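Trainee: The structure is given below, and queries will be raised subsequently.
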């Protein structure tokens, strides 16, 4: 299990629009990575909008924010356009980043079990060290909690 104080797993993934983003792109900068189950679902939409509305505060604190799900780049593009999102969204279609961050979990709904992304957020400092981990995130108030943690780094 990943722990606070450990080096973040490395990654390079395709992002919305075009191109790729990886851990090395954020060297020297605080990075918030939030994993979410699926584009354009109620909780995921609320979380993405909350991060977008607070992006200036994160930037002022020297932090970048990226979202990650297994949705395709084209789904990310539609999600961003529909909700005017300003956060880069990475497409982990192979699930490798989800596995490396240990967010690919067995879930249960209405008595059925299935595999899916656990809503989780990681705070990584400019040296690539994990400084905070939130698992089984509840969307309401979460962005404020993350921003407060960024401000204490």
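Trainee: Name the residues in the range 54-78 that are touching a residue at least 24 places away in the same chain (Cβ under 8 Å) and more than 20 Å from residue 93 (Cβ to Cβ), would you?
Mentor: 54, 55, 57, 58, 61, 62, 63, 64, 65
Trainee: Residues that are farther than 12 Å from residue 69 by Cα, assigned to a loop (DSSP other than H, G, I, E, B), modelled with pLDDT of 95 or more and touching a helix residue (DSSP H, G or I) at 6+ places or on another chain (Cβ under 6 Å): does the range 10-30 have at least one?
Mentor: The answer is yes, given that some residue of the range 10-30 is farther than 12 Å from residue 69 by Cα, assigned to a loop (DSSP other than H, G, I, E, B), modelled with pLDDT of 95 or more and touching a helix residue (DSSP H, G or I) at 6+ places or on another chain (Cβ under 6 Å).
Trainee: Which of the residues that make up the range 31-53 are assigned to a loop (DSSP other than H, G, I, E, B) and either closer than 14 Å to residue 119 by Cβ or without any contact (Cβ under 8 Å) to a residue 24 or more places away in the chain (or both)?
Mentor: Matches in the range 31-53: 36, 37, 38, 39, 41.
Trainee: What are the pairs, 6+ residues apart or on separate chains, where a residue within the range 98-110 that is without any contact (Cβ under 8 Å) to a residue 40 or more places away in the chain has its Cβ under 7 Å from a residue that is surrounded by 12 or more Cβ atoms within 10 Å (Cβ to Cβ) and assigned to a loop (DSSP other than H, G, I, E, B)?
Mentor: 104/95; 105/118
Trainee: Using the structure shown, decide if residue 121 is within 24 Å of residue 8 (Cβ to Cβ), in contact with a strand residue (DSSP E or B) (Cβ under 8 Å, 6 or more places away or on another chain), modelled with pLDDT of 95 or more and not in a helix (DSSP H, G or I).
Mentor: Yes, satisfied.
The values are calculated or read from the model by the stated rules, or taken from the named source; none is laboratory data. For clarity, every value in this text was computed on a predicted model and none was experimentally measured. Quick reminder, even Gly has a Cβ in these numbers, built from the backbone with ideal geometry, and neighbours come from all protein chains shown.
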